[in-house]
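Derivation of every value follows stated rules applied to the coordinates shown; laboratory data play no part. Quick caveat: nothing in here was measured; it's all calculated off a predicted structure. Cβ placement follows ideal geometry from the backbone for every residue including glycine, while neighbour counts extend to all protein chains displayed.
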Amino acid sequence: MHVFSPERANALIPALTPLIELLWEKRRELAIRLLESDPALHTAPGAPPRRPARTFTDLKAEVVQLINRIESYGCIVKDIDLGLLDFPSIREGRPIYLCWKAGEAELLHWHGTDESFHERKLIE
C-alpha cells in the first residue's frame, strides 16, 4: 500500500484528471448503450432490438480497466459520479485518507478511514 503526503497526492492530480474524465465518458457511453437496447424504447412493436455497436461486456471491461489504471497510482476510486479519490495516508500516527474530488484544483481535505466524504476536514 502506498502512503501519500498531500504534496505527493497533489503531484498526481494532473495525471489522474484526464483518466477520471475518460472514465466518465466510458460510463456515459455504457449508460447510453443500455438505454438504446431497452425494448420499451423501440417504436415498432415486435421490432428486434438494435445491436449496439459495442457490447456491454466490452464497455464494462473498459470501465473496470480505467478504474484499475487509476488505482495503480495507489489511490482508491471511491465514487465514479463525483470523481472522488482517496489517498491512504497517516495523520498523528493513525491511518487516514487524503480526499480529492474531480474539479478541485488541488487536494485540500482528509477524513478518517471509517468516515465518509461528507465528514472530510481541511488539511492544516
Using alpha carbons only: equivalent-ellipsoid semi-axes of the chain, gyration tensor based, whole Å:
38, 14, 11
C-alpha long axis of helix 6-36 to longest principal axis of the chain, angle in °:
20 degrees
Helix 56-71 axis, angle to the chain major axis (alpha carbon atoms, nearest 10°):
10 degrees
So which lysines can Lys26 reach, going by Cα to Cα under 29 Å and dropping same-chain residues fewer than 8 places off?
Lys60, Lys78, Lys101
Under-5 Å amide H pairs with Asp79, H placed in peptide plane, nonlocal only:
Leu84
Qualifying GluC sites (Glu not before Pro) in segment 64-123, DSSP loop, other Cβ atoms within 10 Å at most 15:
Glu92, Glu104, Glu106, Glu115
Using a Förster radius of 22 Å, what is the FRET efficiency between Thr57 and Glu21 based on their Cβ-Cβ separation? Nearest 0.05, please.
0.45
With Cβ to Cβ distances under 15 Å as the rule, what net charge do the other residues near Leu82 carry (K, R +1; D, E -1)?
-1
Under a 5 Å amide H to amide H cut-off, with H placed in plane at 1.01 Å, what residues pair with Ile123 once short-range neighbours are removed?
His109, Trp110
By the scheme Lys and Arg +1, Asp and Glu -1, what is the net charge of all other residues having a beta-carbon under 12 Å from that of Lys101?
-3
Determine the relative contact order of the chain: mean sequence separation of Cα pairs under 8 Å and six or more apart, normalised by residue count, in whole percent.
24 percent
Taking Lys and Arg as +1 and Asp and Glu as -1, residues besides Thr113 with C-beta under 14 Å from its C-beta add up to 0
